[in-house]
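Student: Take a look at this one; I'll ask things after.
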Amino acid sequence: QVQLVESGGGLVQAGGSLRLSCLASGRIASINAMGWYRQAPGKQRELVATFTSGGNTNYADSVKGRFTISRDNAKNTVYLQLNSLKPEDTAVYYCNIKAREIYKTGYYDYWGQGTLVTVSS
């Protein structure tokens, strides 16, 4: 099975920074894509930043220029650097990967439990 564990969330003031980490472990044969999503109270879960299968990055317009996604392929880890945080960034941030398990065909989505980011004004 595949497991994702996020860390790095917390409470920060507007304008501050955080770095989120997500470690993927388990019977992973390959990873097609990795990224971050978030869900604020009363809102649907939305894409924040991702790596596609081609290695390209994709950012939500609301975070472009402030957030940076990075990864360490050898460690199956993806990071999200959050700078210039705004109160509207307050949400639970979820790690997501599209991965294939060993001895299985096809790629499937896996989600972490989420880490809470709270930005105060």
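The values are calculated or read from the model by the stated rules, or taken from the named source; none is laboratory data. Keep in mind it's a predicted model, so treat the numbers as computed, not measured. Here the Cβ is made from the backbone with ideal geometry for all residues, glycine too, and neighbour counts use every protein chain on show. These area figures cover heavy atoms from the full protein model, side chains too; ligands, DNA and RNA do not enter into them. Shrake-Rupley method; radii C 1.70, N 1.55, O 1.52, S 1.80 Å.
Student: With every protein chain kept in place and ligands, DNA and RNA left out, what is the accessible area per residue of the chain? Probe 1.4 Å, answer in Å².
Tutor: Here the residues of the chain average 55 Å² of exposed surface.
Student: To continue, here is another question. In the stretch 26-121, which chymotrypsin sites (Phe, Trp or Tyr not before Pro) are in a loop and have at most 12 other Cβ atoms within 10 Å, using DSSP for the loop call?
Tutor: The qualifying sites are Tyr103.
Student: Here's a follow-up. Could you calculate the FRET efficiency of Gln13 with Thr52 from 1/(1 + (r/R0)^6), where r is the beta carbon distance between them and R0 is 35 Å, rounded to 0.05?
Tutor: 0.60
Student: Another question about this same structure. May I ask you to derive the FRET efficiency for Lys75 and Thr105 from their Cβ-Cβ distance with R0 = 30 Å, giving the value to the nearest 0.05?
Tutor: According to the calculation, E is roughly 0.75.
Student: Give me, ordered by chain and number, the residues 5 or more places off Ile28 or on other chains with an amide H under 5 Å from its own placed amide H.
Tutor: Ile102
Student: Sequence neighbours fewer than 8 away in the same chain don't count; with that in mind, list the aspartates and glutamates whose C-alpha is under 19 Å from Lys86.
Tutor: Within reach: Glu46, Asp61.
Student: Name the residues whose placed amide hydrogens come within less than 5 Å of the amide hydrogen of Thr90, ignoring near sequence neighbours (fewer than 5 apart) on the same chain.
Tutor: HN-HN under 5 Å from Thr90: Val119.
Student: How about Lys75: which lysines have a C-alpha closer than 30 Å to its C-alpha, ignoring those fewer than 8 places off in the same chain?
Tutor: Result set, ordered by chain and number: Lys64, Lys98, Lys104.
Student: Provide, as a two-decimal number, the C-alpha radius of gyration of the stretch 66-121 over 2.2 N^0.38 Å, N being how many residues it has.
Tutor: 1.43
Student: Suppose we flag trypsin sites (Lys or Arg not before Pro) only when DSSP calls them loop and at most 14 other Cβ atoms lie within 10 Å. Which is the longest uninterrupted stretch of the chain?
Tutor: With a cap of 14 other Cβ atoms within 10 Å, the longest stretch comes to 44-103.
Student: Could you give each residue of the stretch 31-43 its phi-based ³J(HN,Hα) in whole Hz, using Karplus coefficients 6.51, -1.76, 1.60 with θ = phi - 60°, and x for Gly or Pro?
Tutor: Couplings: 10, 8, 7, 9, x, 10, 10, 9, 9, 8, x, x, 10 Hz.
Student: What's the carbon and sulfur percent of the chain's accessible surface, probe 1.4 angstrom, rounded to a whole number?
Tutor: After summing per-atom areas, the C and S share lands at 45 percent.
Student: Mean 1/r over all different Cα pairs, inverted: what Kirkwood radius does the chain give, in Å?
Tutor: 14.5
Student: A further question follows. Please list, in order along the stretch 89-98, the HN-Hα scalar couplings obtained from phi with the Karplus expression 6.51 cos²θ - 1.76 cosθ + 1.60 (θ = phi - 60°), rounded to whole Hz, x for Gly and Pro.
Tutor: Along the stretch 89-98, the couplings run 7, 4, 4, 8, 9, 10, 8, 9, 9, 10 Hz.
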